[in-house]
Amino acid sequence: KAGVTQTPRYLIKTRGQQVTLSCSPISGHRSVSWYQQTPGQGLQFLFEYFSETQRNKGNFPGRFSGRQFSNSRSEMNVSTLELGDSALYLCASSLNRGEAFFGQGTRLTVV
Amino acid sequence: GDSVTQMEGPVTLSEEAFLTINCTYTATGYPSLFWYVQYPGEGLQLLLKATKADDKGSNKGFEATYRKETTSFHLEKGSVQVSDSAVYFCALLYNNNDMRFGAGTRLTVKP
């Protein structure tokens, strides 16, 4: 059974640009959550999508958005990038409510 | 809101030493509790979980018991190996799949 796949693995963007990250969950999993990991703030919950609907949202500005498609694949978008957005972005999939299976992450560097 | 607090380390042990990483939680109810492990350059892997009080989660020689009296979920291993060197995260399941993580504890095991 394939795991959670995140693409791309690495990204370098310039301040002010926007970026889209992709996540393919484990087959059959309908929930996809996104987390930001930084040395200073640790792991912080961004949002969760379940059956194409945002079910939960963390405390991040509106520049961070996401969506989920009918095949459960999810994308996360960050607009008007800031230097502080540099982080490892992790996607996790779950069947419904419960243990999360994480992808390897996308390392975003904003310069 | 619900949260977890774990000893931050770093922790350095010799091979075959006993490991304890403390984790305590604050919650209005009895959330499911988890330990995740992160190896360098990787995402998080589920190590073990417990879904109710007095449950013991175990995997690969690691154990943790959900203790509601002390609101704790300490991770233990009787004999660590060099390959156990990683960062360990305690987490609780807050709302649907919003998972709240501790700050992480870096473990280094020396031969």
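Worth pointing out:
- Within the range B:97-111, residues that are away from chain A (no Cβ under 11 Å) sit with their Cβ atoms under 7 Å from residues that are part of a loop (DSSP other than H, G, I, E, B) and open to solvent by 50 Å² or more (accessible area, probe 1.4 Å), at 6+ positions apart or across chains, in these pairs: B:105/B:7; B:105/B:8; B:106/B:10; B:108/B:10; B:109/B:15; B:109/B:81; B:110/B:15; B:111/B:15.
- Residue that is modelled with the lowest pLDDT, among those in the range B:18-41 that are on the phi < 0 side of the Ramachandran plot and exposed (fewer than 14 other Cβ atoms within 10 Å of the Cβ): B:29
- Test result for residue A:17, surrounded by 21 or more Cβ atoms within 10 Å (Cβ to Cβ), of a type outside the set (Gly, Ala, Ser) and more than 10 Å from chain B (Cβ to nearest Cβ): no
- Those residues of the range A:57-75 which are within 14 Å of residue B:97 (Cβ to Cβ), in contact (Cβ under 8 Å) with a residue 12 or more places away in the chain and either facing chain B (nearest Cβ under 10 Å) or out of contact with any Phe, Trp or Tyr (no Cβ under 6 Å at 6 or more places or on another chain) (or both), in sequence order: A:58, A:72
- Restricting the range A:80-91 to residues that are farther than 15 Å from residue A:42 by Cβ and buried (at least 18 other Cβ atoms within 10 Å of the Cβ), the residue that is nearest to the chain's Cα centre (by Cα) is A:91.
- Qualifying residues in the range B:81-96 (those that are within 14 Å of chain A (Cβ to nearest Cβ) and open to solvent by 60 Å² or more (accessible area, probe 1.4 Å)) - the one nearest to the chain's Cα centre (by Cα): B:94
- Residues in the range B:42-80 that are surrounded by 15 or more Cβ atoms within 10 Å (Cβ to Cβ), farther than 21 Å from residue B:5 by Cβ and touching a residue at least 12 places away in the same chain (Cβ under 8 Å): 1 in all.
- Wholly enclosed strands (runs of 3 or more DSSP E) of the range B:1-76 bearing at least 1 residues farther than 24 Å from residue A:101 by Cα and away from chain A (no Cβ under 14 Å): B:11-14, B:19-21
- Within the range B:1-17, considering residues that are of a type in the set (S, T, N, Q) and open to solvent by 60 Å² or more (accessible area, probe 1.4 Å), the one farthest from residue B:99 (Cα to Cα): B:14
- Residue pairs whose Cβ atoms lie under 8 Å apart, sitting 6 or more positions apart in sequence or on different chains, and linking a residue in the range B:13-31 that is more than 22 Å from residue B:80 (Cα to Cα) to a partner that is among the acidic types (Asp, Glu) and outside any strand (DSSP E or B), are B:25/B:2; B:26/B:2; B:27/B:2; B:28/B:2; B:31/B:2.
The values are calculated or read from the model by the stated rules, or taken from the named source; none is laboratory data. All figures in this text were calculated on a predicted structure; none of them were measured in a lab. Every residue, glycine as well, gets a Cβ built from its backbone with ideal geometry; the counts of neighbours run over all protein chains shown. Only protein heavy atoms, including side chains, enter the accessible area calculation; ligands, DNA and RNA are left aside. Shrake-Rupley method; radii C 1.70, N 1.55, O 1.52, S 1.80 Å.
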